[in-house]
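Okay, structure first, notes after.
Read-outs throughout are calculated quantities, based only on the coordinates presented, and are distinct from any laboratory measurement. A quick note: this is a predicted structure, and the numbers were derived from the prediction, not measured. Don't worry about glycine lacking a Cβ; one is built from the backbone with ideal geometry, like all the others, and counts go over all protein chains shown.
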Amino acid sequence: MPRRLKSTPIYQPKKGTPTVRTELGDLYLPLEGLIDVEAEKARLKKKLEKAEAELAKVQQKLNNPAFTQKVPPNVLAEHQKRLAECRPSRSTSWRRSAALQG
């Protein structure tokens, strides 16, 4: 049976409860009993580290004139695409991780 939404004007969320501020007020997503918060933190940390490593690797190649001047245009475009994809992934992982930290 799905949980029913409750409106509680004086609700004080536990530390680490994901929160979204809207025009209607703050929305909280209590995670107790829904996910293993520590496992999710570890998963997000690993994902963030992977995204940061990929971002550093791609940036290093694109900042190297020897690489950018010698590779075919399609390879250069692929690296630029990877760079554009890494940034949002890193940002999303960071925000989700920060939300769980409280």
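The structure shown yields Rg/Rh (Cα atoms, Kirkwood Rh), and of the options [x] 1.00; [y] 1.34; [z] 1.19 that calculated value carries the label [z].
Angle of helix 73-101 to the longest C-alpha principal axis of the chain, folded into 0 to 90 degrees and rounded to 10: 20°. When trypsin sites (Lys or Arg not before Pro) are flagged only if DSSP places them in a loop and at most 14 other Cβ atoms lie within 10 Å, the longest unflagged stretch of the chain comes out as 16-102.
Loop-located GluC sites (Glu not before Pro) in the range 20-102 (DSSP state not H, G, I, E or B) with no more than 15 neighbouring Cβ atoms inside 10 Å: 23, 32. For the range 1-100, the list of chymotrypsin sites (Phe, Trp or Tyr not before Pro) that fall in a loop by DSSP and count at most 13 other C-beta atoms within 10 angstrom reads 11. Here's the list of lysines a cross-link from residue 45 could span, going by alpha-carbon distance under 26 Å and ignoring same-chain residues fewer than 8 apart: 14, 15, 57, 61, 81. Each residue, residue 52 and residue 31, gets one label point 7 Å from its Cα in the Cβ direction; the gap between the two is 1.8 nm. Taking the C-alpha atoms only, the angle from helix 37-62 to the longest principal axis of the chain is near 20 degrees.
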